[in-house]
Amino acid sequence: MPPVWSSELIRLAAIVAAGGAVGWLYDYPAVGMLIAVTGLLAWHVYNLYRLDLWLRTGKLTITPDGPGVWPPVFARIEYIREKSRRRRNRWRQLVRELRASAGAFPDGGVLLNARHEIVTYNLAAQRLLGLRRNRDRGQRIENLLRHPDFVAFLSAESGQASVEIPGPTGGDTWISCLLIPYGPEQMLLLVRDVTENVRLERMRRDFVANASHELRTPLTVISGYLDAIADDVEAPASWRMPVSEMRAQAHRMGNLLDDLLQLSRLESGAPCSTEHAVDIGSVLQAARKEILAMSGRSGPVQVMLGSTARILGDAGEIHSIVSNLLSNAVRYTPEDGTITVSWRADADGGQLAVIDSGIGIAEDEITRVTERFYRTDAGRALQKSGTGLGLAIVKHALRRHEADLEIQSRLGEGSTFTCHFPPHRIALIS
Ligand code: ADP
């Protein structure tokens, strides 16, 4: 037992004994003891009352002093209150600093609960999304950002890591949204102003499209003169080789301009309409014939039609996808190799695959081959003609059909390029 309590017990016993002794002097020891006990009880009740008042109102006029248990009890409570007051101040300070640093953040942050309701947000989010303090807290984010791409992104339908949408505050502003789940069901929505990037990207696209368009006229003139020189029987024989090389390069340059124009058109386009149903069987046969005629390949190119389903989209772009994949397969597969184009579709979507047993692609290059002008080491070593834009065109044309390109390949063993179309882009024909 702490010393303060043992001395309190001794003091209690002493007071009661003193009361008894005084009462004994008057022949009433019990009455003397009773008066002492009542006095002690009154003292403790008085101190309990003061303690209760202090805890309830925080007011303590006189701090108990002197001997007894009450002064240390009051002192201990005061010590605990002071400690929690300091801790509370520290937390307040920390929250204030966190708020200030979140406020200084250039990117917007919005905390969402499981029902996508806004819990809190920082200054940048307020500015970028046009949020209003009293009106928007507790609102569902879909009610404020109604762009279909954002709604699909939020419901995880699109499977994208982030989405770019026009800013809700109007003007030609663009924002990029990224969702970071945290805690059991909460989410942090990060919003970044990408207006400048979108503007630069648009400028780059326009520049490429305009430059390609402008280069076409001089190239047509040059090609015309080269054709005329090639056809001129009186032209010196020593010109034949350089003229033929110049015609080949002019032809290649023409293809490059065509591909650049096609790419910039595809890049700037939104998803294409689902109004037209494209007959895949005829597209595959036509592309096969065209590629075989152009390449002069004698090895087999098989077409396997596993479905009569059609793709809802743009026939020209589907043709471009197939002919780019097929011309690559023909270019990078030796004559004795096999090439197969297949089409399958069911309720889960459609798969268009071009499979070859050609030179293959190294594992670390697979993710890069769809970049513009990227050529693999093996592809470059073969010195095959090509613009380096074929797979970039395929990727963007597929994106316009909300489809993905999957590439499986092993160096020296061959490649499989599979285009996965979502179910709503497939028209099943029974
Ligand atoms: P290119 O006009 O050079 O073929 P692409 O964009 O179509 O441009 O292809 C990019 C690169 O990917 C090619 O240069 C080649 O290295 C590689 N590649 C594409 N298709 C195949 C394939 N079927 N087999 C092996 N490598 C391929």
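In a reduced charge model with +1 at each Lys and Arg Cβ and -1 at each Asp and Glu Cβ, region 108-244 shows a dipole moment near 1000 debye about its Cα centre.
The calculated FRET efficiency for the pair residue 105 and residue 137, based on their C-beta separation and a Förster distance of 22 Å, comes to about 0.75.
Fully extending the segment from residue 416 to residue 346 would add 23.2 nm, taking 0.36 nm per residue of separation and subtracting the current Cα-Cα distance.
Between residue 286 and residue 240, the simple label model (points 7 Å from Cα in the Cβ direction) yields a spacing of 3.9 nm. Taking Lys and Arg as +1 and Asp and Glu as -1, the other residues whose beta-carbon sits under 15 Å from that of residue 275 total -1.
Work out the FRET efficiency for residue 402 and residue 77 from their Cβ-Cβ distance, taking R0 = 51 Å, and round it to the nearest 0.05. The formula returns an efficiency of 0.15 here. Ordering 100, 84, 16 by Cα displacement along the dipole of region 15-113 toward the positive end leaves 100 in first place; charges were set at the Cβ atoms of Lys, Arg (+1) and Asp, Glu (-1).
Database remark: amide H of residue 369 closer than 5 angstrom to no amide H (H placed geometrically; neighbours at sequence offset of 5 or more, or on other chains; Pro and chain starts carry no H). In angstrom, the C-alpha Rg and Dmax of region 105-212 are 15.1, 52. In angstrom, the C-alpha Rg and Dmax of the chain are 41.4, 158. Checking the a/c ratio against 1.5 first, then a/b against b/c, what shape does the Cα gyration tensor give for region 254-300? Cα axes put region 254-300 in the oblate bin.
Apply the a/c threshold of 1.5 to the C-alpha gyration tensor of region 251-361 and tell me whether it is rounded, prolate or oblate. Oblate shape, in that a/c is at least 1.5 and b/c is the bigger or equal ratio. Dividing the summed -39500 (n - 2.57) terms of all DSSP H runs of n ≥ 4 by the residue count of the chain sets its mean residue ellipticity at 222 nm at -17500 deg cm²/dmol. Net charge dipole, the chain: roughly 2500 debye, given to the nearest 20, about the Cα centre with Cβ charges of +1 for Lys and Arg and -1 for Asp and Glu.
Charged neighbours of residue 229, selected by a Cβ distance under 11 Å, balance to -2 (K, R count +1; D, E count -1). Using θ = phi - 60° in the Karplus curve 6.51 cos²θ - 1.76 cosθ + 1.60, the 3J(HN,Hα) couplings for region 359-372 round to 6, x, 10, 5, 3, 6, 9, 4, 6, 9, 5, 8, 6, 4 Hz; x is entered for Gly and Pro. At an R0 of 41 angstrom, the distance between the Cβ atoms of residue 249 and residue 161 translates into a FRET efficiency of 0.50.
Where both bridge residues fall in the chain, DSSP classifies roughly 90% of the beta bridges as antiparallel. Taking other residues whose beta carbon is less than 15 angstrom from the beta carbon of residue 413, and scoring Lys, Arg as +1 and Asp, Glu as -1, yields -3. Helix screen, the chain: DSSP H segments with Cα axial length of 27 Å or more and mean Kyte-Doolittle hydropathy at least -1.0 are 3-25, 29-57, 195-231, 240-268. Rounded to the nearest whole Hz, the Karplus-based 3J(HN,Hα) values (6.51 cos²θ - 1.76 cosθ + 1.60, θ = phi - 60°) of region 164-180 follow the sequence 10, 9, x, x, x, 7, x, x, 8, 9, 10, 10, 10, 10, 10, 9, 10, with x at glycine and proline. About its Cα centre, region 46-174 has a charge dipole of approximately 960 debye under the convention of +1 per Lys or Arg Cβ and -1 per Asp or Glu Cβ, with nothing else charged. Rg/Rh, computed from the Cα trace of region 27-116 with Rh as the Kirkwood radius, has the value 1.38.
Using only the Cα atoms of region 369-430, build the gyration tensor, take square roots of its eigenvalues as a ≥ b ≥ c, and label the shape rounded, prolate or oblate: rounded if a/c is under 1.5, else prolate if a/b is larger than b/c, else oblate. Taking the square roots of the gyration eigenvalues as a ≥ b ≥ c, region 369-430 is prolate.
No lab work stands behind these numbers, since they all come straight from the coordinates. Computed from a predicted model, the values in this text were never measured in an experiment. Neighbour counts run over all protein chains shown; Cβ positions are idealised from the backbone, glycine included.
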